[in-house]
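The values are calculated or read from the model by the stated rules, or taken from the named source; none is laboratory data. Remember, it's a predicted structure, so these values are computed and weren't measured experimentally. Methodologically, a virtual Cβ is constructed for each residue, glycine included, from the backbone with ideal geometry; neighbour enumeration extends over all protein chains shown.
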Amino acid sequence: MNKAYSVYVIGGGASGLAAAIFAARAGASVTILEKEKKYGKKLLRTGNGRCNLANLGPLDGAYHGRHPEFAREVLAHFDRERLLTFFEEIGVHTRSYDGWLYPASESAESVLACLSMAAEALNVRIRTNICVKGIRKSGGRFLIDVGTYVYTADRVILATGSNASLVNPGENEPLLIAAALGHRIIPIHPALVPLTVKDAAARGFAGVRVRGTIRLYADGKLFHEESGQLQFTENGISGIPVFNGSSEALTALADGQRVTAEADLFPDMPEDVFISYLKERFERLSDRKPEARLKGLIPDRLIPAVTAGEESAEACARRIRHFPMEITGSRGLANAQVSGGGIDTDEIDPASMASRLVEGLYITGECLDIDGACGGYNLMFAFAGGALAGMAAGEAT
Ligand SMILES: Cc1cc2nc3c(=O)[nH]c(=O)nc-3n(C[C@H](O)[C@H](O)[C@H](O)COP(=O)(O)OP(=O)(O)OC[C@H]3O[C@@H](n4cnc5c(N)ncnc54)[C@H](O)[C@@H]3O)c2cc1C
């Protein structure tokens with residue numbers, strides 16, 4: 001006779017909730033253990049409360065980690081069509097804004113409510129205020145230590161996310177649990193995070209927002225170029241184009257490379273056209289001081305830095321189009337939306353999220369060494385991996 005497995009899901013976030021629903025659908029008896037008083041807290045903050053839950057755009061270049069192809073493999077095994085079907089099944093109708101998918105309700109709270117109702121209908125037990133301290137295997141079963149009690153499970157799904165954006169990120173204890181089970185941990189770094197820049201404060205740019213393009217270089221080699229709104233902060237640069245290059249920038253810095261940036265502060269025209277325009281403009285406004293000739297073209301606060309005492313139109317054009325900065329680091333995990341690094345994906349099967357080292361253990365979501373671009377890529381990976389883990393862990397033999 002087939003046996004229904006007892007599956008324990010550690011972490012009641014996006015990935016853990018999806019995993020629990022799919023494991024229960026497969027016939028398992030499912031319990032979620034969540035350390036916080038309420039589950040799904042991070043999900044509620046996503047997309048400024050609107051929950052950008054997936055993206056229909058290209059997957060190439062959208063994920064980082066030692067093995068970014070792992071994310072693409074996961075999304076080949078549980079593709080976007082299946083994900084949208086799942087959302088619709090649980091009541092979440094999605095809407096695309098240039099490929100960025102949101103619930104039609106525009107409410108993260110409603111996404112969490114739909115996940116909760118689906119889990120409840122399948123008799124998933126959700127135990128909150130329970131922090132898992134350790135997991136070990138004995139006699140083919142898992143012993144889950146929560147300090148005051150030890151739960152016994154046939155199968156375990158680790159979906160503990162990351163410490164990114166927490167006020168006191170501290171040590172990521174679940175990674176130590178994975179390490180104790182034999183998994184390799186790739187060092188954690190912030191991702192989707194503002195970058196810090198040498199001498200930024202001295203330039204007085206803080207608070208300036210400009211439509212522009214950022215180019216990031218590691219030891220002189222271009223690795224990221226993206227246009228959009230750039231935001232200058234007290235000690236660096238921010239905005240989606242910067243966020244999306246931050247993971248690679250911090251990996252390169254950690255590898256000892258010199259990371260530099262170039263901001264194009266006026267990307268509206270081809271560079272040769274811009275130089276001609278600036279020459280004509282400088283002649284036309286020649287009765288003004290050099291700095292005043294740029295007034296009305298770029299934000300005032302950028303003008304002293306881009307002119308830097310130069311009077312010629314060519315020199316100003318060059319600094320406006322290639323404004324140089326040296327990247328020194330980031331605003332840290334507390335200011336990051338996600339973390340890079342985590343459990344090495346080499347040791348996980350992307351078809352089932354099963355550990356290749358510990359039978360019966362599945363690992364999914366942001367605790368893995370994968371981080372995605374802005375636009376719904378992180379939740380998409382968390383939901384898809386959760387679905388695969390749940391199906392595999394819940395399947396009776
Ligand atoms: C402000 C903000 C906005 C974001 N917006 C978006 C967006 O719009 N689109 C997008 O794709 N991504 C977004 N992200 C990223 C996205 O939220 C995460 O990548 C995603 O939530 C990861 O899901 P997860 O289930 O792996 O982890 P989480 O959602 O973090 O869930 C992990 C859960 O595990 C619990 N846990 C941890 N340790 C233990 C333990 N020892 N015992 C028991 N429970 C434990 C945690 O309390 C948590 O509830 C955003 C992130 C932030 C911070």
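Key figures
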| item | result |
| --- | --- |
| Test: residue in region 66-86 that is on the phi > 0 side of the Ramachandran plot, touching a helix residue (DSSP H, G or I) at 6+ places or on another chain (Cβ under 9 Å) and assigned by TED's automatic domain parsing to the domain that holds residue 143 | no |
| Failed criterion for residue 213 (all others in (1) more than 22 Å from residue 269 (Cβ to Cβ); (2) outside any loop (DSSP other than H, G, I, E, B) hold) | (1) |
| Restricting region 335-351 to residues that are out of contact with any Phe, Trp or Tyr (no Cβ under 8 Å at 6 or more places or on another chain) and in a strand (DSSP E or B), the residue that is nearest to residue 183 (Cα to Cα) | 343 |
| One residue from 136, 127, 95 being without any contact (Cβ under 8 Å) to a residue 60 or more places away in the chain and closer than 28 Å to residue 172 by Cβ | 136 |
| Criterion violated by residue 4 - all others in (1) of a type in the set (A, V, I, L, M, F, W, C); (2) away from the ligand (no atom under 14 Å from the Cβ); (3) assigned to a helix (DSSP H, G or I) satisfied | (3) |
| Residue match in region 246-257 (condition: in a strand (DSSP E or B), at pLDDT 95 or above and not aromatic (Phe, Trp, Tyr)) | no |
| Residues located in region 292-320, provided they are among the charged types (D, E, K, R) and surrounded by fewer than 22 Cβ atoms within 10 Å (Cβ to Cβ) | 295, 300, 301, 310, 311, 314, 318, 319 |
| Restricting region 123-140 to residues that are over 12 Å from residue 180 (Cβ atoms) and over 26 Å from the mean Cα position of the chain (by Cα), the residue that is surrounded by the most Cβ atoms within 10 Å (Cβ to Cβ) | 124 |
| Search result, residues across region 141-168 that are buried (at least 16 other Cβ atoms within 10 Å of the Cβ) and more than 11 Å from the ligand (Cβ to nearest atom) | 142, 151, 153, 154, 155, 156 |
| Residue tally, condition within 16 Å of the ligand (Cβ to nearest atom) and surrounded by fewer than 19 Cβ atoms within 10 Å (Cβ to Cβ), over region 182-212 | 1 |
| Condition check for residue 377: touching a helix residue (DSSP H, G or I) at 6+ places or on another chain (Cβ under 7 Å), among the aromatic types (Phe, Trp, Tyr) and crowded, with 21+ Cβ neighbours inside 10 Å | no |
| Qualifying positions in region 338-362 - out of contact with any helix residue (DSSP H, G or I) (no Cβ under 7 Å at 6 or more places or on another chain) and within 13 Å of the ligand (Cβ to nearest atom) | none |
| Residue match in region 299-307 (condition: polar (S, T, N, Q), outside the structural domain of residue 64 (by TED's automatic domain parsing) and touching a helix residue (DSSP H, G or I) at 6+ places or on another chain (Cβ under 8 Å)) | yes |
| Selected residue [of a type in the set (Phe, Trp, Tyr), out of contact with any Pro (no Cβ under 7 Å at 6 or more places or on another chain) and more than 30 Å from residue 222 (Cα to Cα)] from 377, 362 | 362 |
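So that you can scan it fast, the table gives a plain yes or no per residue for (1) buried (at least 20 other Cβ atoms within 10 Å of the Cβ); (2) in contact with a Ser or Thr (Cβ under 6 Å, 6 or more places away or on another chain); (3) farther than 13 Å from residue 395 by Cβ:
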residue: 5; (1), (2), (3): yes, no, no
residue: 8; (1), (2), (3): yes, yes, yes
residue: 14; (1), (2), (3): yes, no, yes
residue: 20; (1), (2), (3): yes, no, yes
residue: 24; (1), (2), (3): yes, no, no
residue: 28; (1), (2), (3): yes, no, no
residue: 33; (1), (2), (3): yes, no, yes
residue: 40; (1), (2), (3): yes, no, yes
residue: 44; (1), (2), (3): no, no, yes
